[in-house]
Amino acid sequence: MGNLMRANLQRIFKNKFYLAFLAFVLVFSLWFLLYNYEELSYYENAVPEGHFFEALSCAPFVFAAFVPLYVGREFSDNTIRNKILAGHTRLAIFSAAVLSSAIGCITMPLVYAVPQVTLGFMLLGLPTMPEKLALSFLGLVILSVFWAVLLTAAVYLVQNKSVCAIASFILVTIMIFVGAGINDALSQPETFRTPAMDDDFIMNTEPSELVETENPYYVGGYERRKLEFLSRTDPAGQFFLLGSLENDRPELTCLAGCAESIIVYALGALMFKKRNIS
């Protein structure tokens, strides 16, 4: 598998478009950092630590474009068939593709993080919660691996690069909207305070006169526990929470991401082993 990995990585890191995109990520990270510094300095606000990695929330869309276009070429130019004829096992081919895609995906947030953890710490100050910041970024890296595994498995099962690219965008979009919906439901307060009303007229807006009102959109009990479990294990919604440091237990997301990556890898390898190569 070593030869397969070397060939795959050379194909990635010698690709001019990929290297140009990494340069764009680096420049964008620097621009975003300076923008936040200027904005927050102008208003003289304390720097929220969620500014460091919040822009990485859109990374799954980038992965949905990168993986199908990179891995899909192996089917369009018959590279897969040639590897099989050369004596490589399907497990080795699939594993090398997954690892290569994972390295390609991980490199993107790592490049983005360079200005944030060097110049960012000098301009915006050291984080007050370094453990949470580190765990949140680790979670982003682990979930990047998950997306690489999931999208590589999808390409190896669909085999059509164009179809898989479109399907990947749709899949990522659906998962992100579902994750955002779950997070929005969990963020609803149980009650909120409203002004007293009389015949649709506001009687008093003084804080002491506000009335405690139940929130009809609040989800509690067993349904809330189910949503919390789905939220913890949802790789799309957690990308947003980790990027903005709104995940209160990033270590659980890291463990869930590792488990999900292993499960998807095992299923993908098993299905590819039985797949006919057209």
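Of all the residues that make up segment 219-233, how many are open to solvent by less than 20 Å² (accessible area, probe 1.4 Å) and part of a loop (DSSP other than H, G, I, E, B)?
So the answer is 0.
Of the residues that make up segment 93-101, is at least one over 23 Å from Ile176 (Cα atoms), surrounded by fewer than 22 Cβ atoms within 10 Å (Cβ to Cβ), without any contact (Cβ under 8 Å) to a residue 12 or more places away in the chain and out of contact with any Cys (no Cβ under 8 Å at 6 or more places or on another chain)?
no
Identify, by number, the condition in (1) in contact (Cβ under 8 Å) with a residue 60 or more places away in the chain; (2) closer than 30 Å to Thr89 by Cβ; (3) open to solvent by 90 Å² or more (accessible area, probe 1.4 Å) that Glu246 doesn't meet.
(2)
Tally up the residues in segment 243-273 that are under 17 Å from Val98 (Cβ atoms) and among the charged types (D, E, K, R), please.
Total meeting the criteria: 2.
Determine whether Leu126 is surrounded by fewer than 17 Cβ atoms within 10 Å (Cβ to Cβ), modelled with pLDDT under 90 and in a loop (DSSP other than H, G, I, E, B).
The answer is yes for Leu126.
Residue check: is Ile176 at pLDDT below 75 and either open to solvent by 80 Å² or more (accessible area, probe 1.4 Å) or in a helix (DSSP H, G or I) (or both)?
Considered against the rule, which asks whether it is at pLDDT below 75 and either open to solvent by 80 Å² or more (accessible area, probe 1.4 Å) or in a helix (DSSP H, G or I) (or both), Ile176 comes out as no.
Read through the list (1) at pLDDT 85 or above; (2) closer than 16 Å to Arg11 by Cβ, then give the number of the only condition that Thr79 fails.
(1)
Filter segment 249-277 for residues that are open to solvent by 20 Å² or more (accessible area, probe 1.4 Å) and either on the phi > 0 side of the Ramachandran plot or of a type in the set (Ser, Thr, Tyr) (or both) and give the result.
If the condition is that a residue be open to solvent by 20 Å² or more (accessible area, probe 1.4 Å) and either on the phi > 0 side of the Ramachandran plot or of a type in the set (Ser, Thr, Tyr) (or both), then Tyr265 is the only one that fits.
The values are calculated or read from the model by the stated rules, or taken from the named source; none is laboratory data. Because the structure is a prediction, the values reported are computed rather than measured. Cβ atoms come from the backbone with ideal geometry, glycine included; neighbour counts cover every protein chain shown. Calculation scope for accessible area: heavy atoms of the full protein, side chains included, ligands and nucleic acids excluded. Shrake-Rupley method; radii C 1.70, N 1.55, O 1.52, S 1.80 Å.
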